[in-house]
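Worksheet for the structure shown next.
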Amino acid sequence: MPQIARRSLAPLALIALLHGATAVAQQVAPPPSRPGVTPVAASDTTPAGRILREVHDHQHALADLEHLADGIGPRLTGSDRLLAAHAWAESTLVARGFTSVHREAYAFGPSWTRGVASARLLAPGAGTLSLAQMGWSPATAGPVRGDAMLVTARNDAEMQALFGTFRGRVLLFGDLPPLSGPGVDTAAAGALRAPLTRAMRDEGALAVLLPSGKETGLNMTGSPTWRRPLVPVVPVAFVETRDYERVHRALLRGERVPLELNLSGALSPAPVQAFNTVAELRGSERPDEVVVIGAHIDSWDLGTGATDNGTGVAAAMEALRAIQAAGLHPRRTVRVVLFSGEEQGLWGSKAYVAAHAAELDRIQAVLIDDLGTGRIRGWALQGREDVRPYVARAIAPLNDMGVRELPLERSSDSDHAPFVEAGVPAFFAVQDTVDYFSTTHHSQYDTFDHVRPADLLQGAGALAVTAWELANMPERLPHAPAVRKP
Ligand SMILES: [Zn+2]
């Protein structure tokens, strides 16, 4: 604060002091109700009421999340930071009195460590580009220089003409004949695209630049197994939209665009193991039947993984804590699984389903929380109309908190998917998206300041009560035929 202000502070300080006094006076009154988790009257002694009151009065979720995001930080699968997060979660769950807290290992492949990423636009004009190397993509051989090139073709003949043009170029993808859609021969279209993609690598393209696809911020993806068949196995980077558009416009104007790039992320010399963290509240009557509360503890590494998926981890841990702290003993076991490898393609949940194949038929339901900081509004039933009555009953105590939606919507981009494929009733939390897709998802803005405390607590309460009700209902939820055998 500049010096002069200090002098004029006197009257302000006085006002603040007065304000403080009244605020202190105010604090002797009961704490104001915490928005998000509807304060539950003490007279409501239902299990749901007791759980929600426990979250409202004694929640740990916010401090847990702040530690996970700010204290531990980005948690790439295979990294030391993620191992530190597993250790923290496990020691915290043990300290909170949960039994059978353990780690389950699975083979992951090489880990990847982000290095430097820099790009200079040498012409037209000059400048630096904001970019980040795609995870697990090869590094450049130090700083490299090459002209940018828009890979564009309206038809097969023009695509044929691209062969032999990639050496030493930095590629941006323009319009290429569609691979699918009305009237498109997918096989024929794919047949030409695959050799073209190989030619990009074999001819020695320097790198590929991809748009981040967001108004602001970067994006990220990548995996030990190359999951983007139309992107050559060369150094790849996501570029912020404003910078990507600048290069793209210059290429559309037909100008020469020399770039200098340096991407130095590296693979580990040997494959590593990855882990899922597990903790449970053992069932009192049917301990072998299980309700799983799941969230992935790994994250991308441009931000601190606060909303993807620190919020899910904190809500899952708080849900288990609140059920126990409310003095409740579920009839079936309630188990929290903090998966890893989610961002690389659901590796942890796939490994969990394979490792637990023998007990899948005893899973009552799986609840996955992985859509950022927003309030939970319901559960996506993954096409299972037949289980709607059970889930509707489970969320009935939460209807007043805005948890009412049970869309049939199917999705395959989070940890519920391997369970659904195995026929297990698995549901994905429907949440307010807030700024998840526009800003935080996989970007450098995925930080604690984007967390909405009230929504996080509402989510923890919703997760806990849904799990409790499913763990205690007399009926078993029917399983569906497995699409893919584990
Ligand atoms: Zn996620």
Requested in this report: Filter segment 322-355 for residues that are more than 16 Å from the ligand (Cβ to nearest atom), open to solvent by 10 Å² or more (accessible area, probe 1.4 Å) and closer than 18 Å to A429 by Cβ and give the result.
Outcome: R335
Report summary line: With criteria (1) under 30 Å from V353 (Cβ atoms); (2) open to solvent by less than 30 Å² (accessible area, probe 1.4 Å), T186 comes up short on (2)
Requested in this report: Consider P271 carefully, then state whether it is more than 17 Å from L338 (Cα to Cα), more than 16 Å from the ligand (Cβ to nearest atom), free of Cβ contacts under 8 Å to residues at least 60 places away in the same chain and of a type outside the set (S, T, N, Q).
Outcome: no
**Report entry** Matching residues in segment 373-402 - criterion: being more than 18 Å from A417 (Cα to Cα) and either among the small types (G, A, S) or within 16 Å of the ligand (Cβ to nearest atom) (or both)
**Finding:** T373, G374, I376, A392, A394, A396, G402
**Report entry** Among residues of segment 376-386, those that are touching a residue at least 40 places away in the same chain (Cβ under 8 Å) and in contact with a Lys or Arg (Cβ under 8 Å, 6 or more places away or on another chain), counted
**Finding:** 5
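Which residues, counting only those in segment 388-443, are aromatic (F, W, Y) and either over 18 Å from the mean Cα position of the chain (by Cα) or outside any helix (DSSP H, G or I) (or both)? Give the steps one after another, and end with the answer.
The first filter runs over segment 388-443 and keeps only residues aromatic (F, W, Y), leaving 390, 419, 427-428, 436-437.
Within segment 388-443, Y390, F427, F428 qualify.
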Query - Checking L179 against (1) touching a Lys or Arg at 6+ places or on another chain (Cβ under 9 Å); (2) touching a residue at least 60 places away in the same chain (Cβ under 8 Å); (3) open to solvent by 20 Å² or more (accessible area, probe 1.4 Å), the condition it does not meet - result: (2)
Report summary line: For R452, the lone unmet condition from (1) more than 15 Å from the ligand (Cβ to nearest atom); (2) under 16 Å from D64 (Cα atoms); (3) of a type outside the set (V, I, T); (4) touching a helix residue (DSSP H, G or I) at 6+ places or on another chain (Cβ under 7 Å) is (4)
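The values are calculated or read from the model by the stated rules, or taken from the named source; none is laboratory data. It should be emphasised that the depicted structure is a prediction, and the values quoted were computed from it without experimental measurement. For neighbour counting, all protein chains shown are included, and Cβ atoms are generated from backbone atoms with ideal geometry for every residue, glycine included. Surface areas here come from the heavy atoms of the whole protein model, side chains and all, with no ligands, DNA or RNA. Shrake-Rupley method; radii C 1.70, N 1.55, O 1.52, S 1.80 Å.
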